[in-house]
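Notes follow once the structure below has been shown.
Values in this text are rule-based calculations from the coordinates and carry no lab data. As the structure is a prediction and not an experimental result, all values here were calculated from the model. Using ideal geometry, Cβ is built from the backbone for each residue, glycine included, and neighbour counts are taken over all protein chains shown.
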Amino acid sequence: AAAQAGEGEPAFYSENRREAMLHHLRTEAALHDALAEDQFELWLQPKLSLTDNRIAGAEALIRWRLPSGELVPPGRFIPVAESSGFIRRITPWVLATAFRIAAELRDGREGRFVLAVNITPADLADTDFVNQMRALCAEHGLPPEAIEIELTETMLCETGTDTIGRLQTLREAGFRVAIDDFGTGYSSLGYLQQLPVDTLKIDKQFVDGVPGEAGSDTVIRAIIHLAHDFGLKTVAEGIENEDQLAYLRDAGVALGQGFHIARPMPTGEFAGWLEQWNS
Ligand code: C2E
Ligand code: MG
Ligand code: MG
Ligand code: MG
């Protein structure tokens with residue numbers, strides 16, 4: 001097909017592929033510099049408890065600040081880092097930074113604050129992963145339940161059974177586990193049943209459709225039902241307006257995240273934002 005290089009293929013296809021490969025290689029090299037030169041930033045997006053309107057925690061989202069000042073979103077470099085394996089060098093930076101931030105945010109505040117961190121199954125392949133998490137807890141005086149790990153449903157479905165064992169160990173150590181972008185992958189009920197997780201994050205694409213779109217409404221209600229029966233918590237991502245928020249609250253979703261509540265913000269702004277929210 002068109003995506004395969006071959007004879008008689010229009011020249012621009014292979015030109016695009018060559019361009020894409022070069023871009024990939026350049027990005028990969030630049031990522032090494034980014035880590036060495038401390039160009040990554042961790043931004044925070046609040047998670048709102050829809051039952052009591054309090055901030056229950058936040059999600060840590062990585063950004064790459066180029067020397068030019070430009071801010072690169074993760075969608076433009078995390079996939080490259082994942083396919084090259086460099087993600088296994090980035091994640092330790094993310095974790096070290098996230099644990100430090102979590103400890104600062106818990107300090108003197110309500111002890112319930114949970115900070116969520118995005119990882120990939122490749123990170124879990126490291127046999128030392130859980131030990132590193134434990135060591136970070138000890139270093140920062142943090143209880144493990146202050147940290148939640150987010151893994152996308154698609155990625156979970158693509159990996160072997162060992163991921164399940166690793167998640168099990170994480171949960172036994174007291175950390176929380178969430179399935180991100182839930183509803184977009186193909187996890188069967190049987191698979192879900194054996195997955196050691198605490199939380200389902202309803203994907204933005206369904207939140208986009210409510211209220212009003214019958215399909216999205218059906219999916220969201222099914223996820224809430226499923227979560228309830230499996231004893232899992234629900235989070236809705238990508239809430240952009242008041243109608244969506246009201247719908248999700250009425251439907252019984254526990255937590256909400258989205259631009260309507262707050263956009264992801266630099267760490268330094270978060271404590272001030274939280275104070276303002278609470279007053
Ligand atoms: P995600 O974990 O599903 O994160 C949600 C994404 O939706 C974030 O994009 C967030 O900024 C965006 N978002 C939140 N609320 C709204 C909204 O109301 N409207 C819209 N349009 N967007 C909203 P971001 O920060 O660009 O991150 C994209 C993805 O990159 C994340 O999806 C996650 O899979 C990945 N990612 C981010 N940080 C990390 C990291 O530290 N490590 C790894 N491995 N992946 C990361
Ligand atoms: Mg996430
Ligand atoms: Mg998500
Ligand atoms: Mg999503």
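With loop defined by DSSP as not H, G, I, E or B, and exposure as at most 16 other Cβ atoms within 10 Å, which is the longest segment of the chain clear of exposed chymotrypsin sites (Phe, Trp or Tyr not before Pro)? Excluding the exposed sites themselves, the longest stretch runs over 1-185. The calculated 222 nm mean residue ellipticity attributable to helices in the chain amounts to -14500 deg cm²/dmol, summing -39500 (n - 2.57) over DSSP H runs of n ≥ 4 and dividing by all residues. Dipole check for the chain: with +1 at the C-beta of Lys and Arg, -1 at the C-beta of Asp and Glu, and the Cα centre as origin, the magnitude is about 460 Debye.
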